[in-house]
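First up is the structure itself, then whatever we jot down about it.
The values are calculated or read from the model by the stated rules, or taken from the named source; none is laboratory data. Here the structure is a predicted model, which means the values were calculated and not measured. Note that we place each Cβ from the backbone using ideal geometry, even for glycine, and neighbour counts take in every protein chain shown. SASA here: full protein model, heavy atoms, side chains in, ligands and nucleic acids out. Shrake-Rupley method; radii C 1.70, N 1.55, O 1.52, S 1.80 Å.
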Amino acid sequence: MNIEKFLKTIKETKLFTAYNTNVDAVKYLKDEDVQRLVDMFDHNEIIERMESYPRIIKDPLDFVARLVYSIKTGKPAEVPMKEDENLQRWFDSIKYDEERMGGQAGIVSNLMATLQINRIIVYTPLLSKKQAEMFVDYDNLLYPVVEDEKLVLKKVREAYKNDPTKINRIFEFKKGLKFILNGEKIVAKQSTRFIVASRPENLRIEIKDDVRKFLPDIGEMVDCAFLSGYQAIKEKYNDGKTAEYYFKKARDDIKLLIKRNKNIKVHLEFASIPNINIRKMVVDYILSSVDSVGMDETEIANVLHILGFEEMSEKILKNSFVEDVIEGAKILLEKFKNLEVVQIHTIYYILFVCREDNPLSNEELEECLEFATILASSRAKLGNIRNIEDLKEGLTVDHNKYGDLLKKIAKEHSNGYKVVLSPSRYVETPKSTVGLGDTISSGAFLYYVSLLNKKEKKNEREDGRD
Ligand SMILES: Nc1ncnc2c1ncn2[C@@H]1O[C@H](COP(=O)(O)OP(=O)(O)O)[C@@H](O)[C@H]1O
Ligand SMILES: O=P(O)(O)OC[C@H]1O[C@](O)(CO)[C@@H](O)[C@@H]1O
Ligand SMILES: [Mg+2]
């Protein structure tokens, strides 16, 4: 396997990404940290609160209940917290181990800048000095601003404004972490993370009007767009604006972006969205407007549920069978004719399901996924990808032992479609897990677009010769 070949493939590609960036304050939980947290409360009350499954964290007990649930089931989760000063202070009293770039748009920007692709234009509505400094210091990483009514691309680190900083709290735990709750020993089933997401009233998931006017110009400067962050849209804001207002605007952003460059490929990265109305709007407004979507197993199950495929959704959540996930992906391709790639990642594999007439061959599609698994294992093993040499570490991690079986099942279920699977290079004790999904999805998507562009150029050259 040749890392240089991968990097050469993506080198010319130009990316636009929006909307979410934040600072992730990360706490790496040890047994005694969790024990101390649960001992702050009556254990029976924690159990009762777990049963009520709070979808918004309104007080510390909601947090502990959802954290314990996540550890017990080994499932990652992201739960928004209520904007409340006392609760903020309570979370601030925890000692975090590090601060790092968070948010899909932020993580993807830093990854792609480090991989030295040609250009990244990133837009995020809030860009404080602290947030700007979370971006890596590369000249290919740019932020659009308007000066004298002209679009100017500035180095993102130099484009900061007088904005507040959004901080999410991330609680990472390792497989095997243990503590006692009401006499019962609870052991973490997986290494994963629990996110307490902040939802400040003044954060609006949008591109401000000055820059928005220039979206068709930005569209002409890139080959693809990686969009995410819609999970932060609220149903209603204090000034009367509604989710519908922001979703309509977000859908129009995509239209503006592709207005003069029809060749752009647009990817939606799904996220955990506890509010069902917002989840439905992401499906109705955004999923129906993009070429590619990336999600994990729970997220595809949730989307299928919204589309009325309750049985299929339950099956995926209960059994995690890859054949059900493939059927689910085919349903999405049938329902949304705009989609050309459905990408699903789980801890065991990453999967592309495309129509039979997709221009890339199965081998080429597999190459995209292979690249993505190397990125994920590098980040899982080292905690971050700081330079291209780090990818060699990821390459030392073998594909997981279920790989051959999973590939066989994928092949058997490909009738009428291109179904391509790459088993994960699973890191047993990851240094950190937050952002792994964003890494894997953006890697596969960017590689996909790069191969498409190369193919197109080759065809143009051949046509020219004729
Ligand atoms: N230990 C690990 N080793 C390799 N890859 C991992 C590991 N843990 C998670 N991953 C990858 O990261 C993905 C997590 O994605 P997701 O659930 O979307 O979370 P997020 O978007 O917050 O990173 C998994 O589906 C898997 O592909
Ligand atoms: O939903 P939000 O607040 O934009 O946050 C997304 C969260 O997901 C991540 O981007 C990881 O996927 C975190 O870095 C971040 O805290
Ligand atoms: Mg994800």
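Among helices (runs of 4 or more DSSP H) entirely within segment 330-443, having at least 3 residues that are under 30 Å from Tyr96 (Cα atoms) and at pLDDT 95 or above singles out 362-382, 391-395.
Residues of segment 18-60 that are open to solvent by 40 Å² or more (accessible area, probe 1.4 Å), within 23 Å of the chain's Cα centre (by Cα) and farther than 26 Å from Arg204 by Cα: Tyr28 alone.
Close contacts from segment 252-276, counting a first residue that is within 21 Å of Ser198 (Cβ to Cβ) and open to solvent by less than 40 Å² (accessible area, probe 1.4 Å) and a second that is of a type outside the set (A, V, I, L, M, F, W, C) and not in a loop (DSSP other than H, G, I, E, B), with Cβ to Cβ under 6 Å and a gap of 6+ residues or different chains, come to Glu269/Gln104; Glu269/Ser228; Glu269/Gly294; Glu269/Ser441; Phe270/Glu299; Ala271/Gln231; Ile273/Gln231; Ile273/Arg279.
Looking across Leu115, Leu126, one residue alone is outside the structural domain of Phe171 (by TED's automatic domain parsing) and closer than 21 Å to Ile374 by Cα. It is Leu115. Scanning segment 86-102 for residues that are closer than 21 Å to Asn202 by Cβ, open to solvent by less than 30 Å² (accessible area, probe 1.4 Å) and within 26 Å of the chain's Cα centre (by Cα) returns Phe91, Met101, Gly102. Going through (1) closer than 30 Å to Tyr237 by Cα; (2) without any contact (Cβ under 8 Å) to a residue 40 or more places away in the chain; (3) out of contact with any helix residue (DSSP H, G or I) (no Cβ under 6 Å at 6 or more places or on another chain) one by one, Ala301 falls short only on (3).
Annotation note: Cβ proximity below 6 Å between a residue of segment 61-85 that is surrounded by 17 or more Cβ atoms within 10 Å (Cβ to Cβ) and a residue that is in a helix (DSSP H, G or I) and not hydrophobic (A, V, I, L, M, F, W, C) (sequence gap 6+ or interchain) occurs for Leu61/Arg49; Ala65/Arg49; Ala77/Ser70; Val79/Arg66. Applying the set (1) in a strand (DSSP E or B); (2) within 16 Å of ligand 1 (Cβ to nearest atom) to Pro274 leaves exactly one unmet item: (1).
When segment 277-309 is limited to residues that are more than 18 Å from Ile326 (Cα to Cα) and within 16 Å of ligand 1 (Cβ to nearest atom), the one that is most open to solvent (accessible area, probe 1.4 Å) turns out to be Arg279. Which one of these does Leu369 not meet: (1) surrounded by fewer than 20 Cβ atoms within 10 Å (Cβ to Cβ); (2) under 26 Å from Lys174 (Cα atoms); (3) in contact with a Phe, Trp or Tyr (Cβ under 8 Å, 6 or more places away or on another chain)? Of the numbered conditions (1) surrounded by fewer than 20 Cβ atoms within 10 Å (Cβ to Cβ); (2) under 26 Å from Lys174 (Cα atoms); (3) in contact with a Phe, Trp or Tyr (Cβ under 8 Å, 6 or more places away or on another chain), the odd one out for Leu369 is (1).
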